[in-house]
Amino acid sequence: MSKENISDLTDRIINFRDARDWKQFHNPKDVALSLSLEAAEVLEHFQWKNGKELEEYAATHKEDIGEELADVLYWVLLMSHDLDIDIVDALSKKMDQNEEKYDLEKAKGNHKKYNEL
């Protein structure tokens, strides 16, 4: 199993895209649309399933779900590269914000949004 890091994966994605001369099609709007469409394909795996059926499906379809999650990550990494966003730094800052908004004592075991805690 490969343990490529974010930078390696991004380089691989950019090389894949550029070798095929697809950058011309990758404006931010269309990349965002592709990201959204792939995220919807993740959702499709869980549509109409609940409880035990959902648990069993997720356990027996990990590879299929993983492929869709990989497609989502592909577009996230491509878009962050093209917009010159350090996605690791952006996620770290977002987690700092989340940790502040969702105080552990108030949020633990509670599904309410931060402004309702």
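The values are calculated or read from the model by the stated rules, or taken from the named source; none is laboratory data. Given the structure is predicted, the values throughout are model-derived calculations rather than measurements. Here the Cβ positions follow ideal geometry from the backbone for every residue, glycine too, while neighbour counts run over all protein chains shown. Remember, those area values only see protein heavy atoms, side chains included, never the ligands or the DNA or RNA. Shrake-Rupley method; radii C 1.70, N 1.55, O 1.52, S 1.80 Å.
Which ones in the stretch 18-65 are over 25 Å from I6 (Cα atoms) and small (G, A, S)?
Selection gives G51, A58, A59.
Yes or no: E63 out of contact with any His (no Cβ under 9 Å at 6 or more places or on another chain) and either farther than 22 Å from Q24 by Cα or not aliphatic (A, V, I, L, M) (or both)?
yes
Give the residues of the stretch 5-37 that are open to solvent by 70 Å² or more (accessible area, probe 1.4 Å) and of a type in the set (A, V, I, L, M, F, W, C), sorted by residue number.
F16, A19, W22, F25, L33, L37
Which one of the conditions (1) among the β-branched types (V, I, T); (2) without any contact (Cβ under 8 Å) to a residue 12 or more places away in the chain; (3) under 29 Å from D8 (Cα atoms) does V42 fail to meet, given that it meets all the rest?
(2)
Is at least one residue of the stretch 85-103 open to solvent by less than 100 Å² (accessible area, probe 1.4 Å) and touching a residue at least 40 places away in the same chain (Cβ under 8 Å)?
yes
List every residue pair whose Cβ atoms sit under 6 Å apart, with the two residues 6 or more apart in sequence or on different chains, where the first one lies in the stretch 53-66 and is under 17 Å from E38 (Cα atoms) and the second, anywhere, is surrounded by 11 or more Cβ atoms within 10 Å (Cβ to Cβ) and modelled with pLDDT of 95 or more.
Pairs found: I65/H45.
Taking only the stretch 66-84 into account, find how many residues are surrounded by 13 or more Cβ atoms within 10 Å (Cβ to Cβ) and either within 17 Å of N5 (Cβ to Cβ) or of a type outside the set (D, E) (or both).
Total satisfying the criteria: 11.
Given the residues E53, E63, which is the only one that is closer than 26 Å to T10 by Cα, open to solvent by 70 Å² or more (accessible area, probe 1.4 Å), among the acidic types (D, E) and at pLDDT 95 or above?
E63
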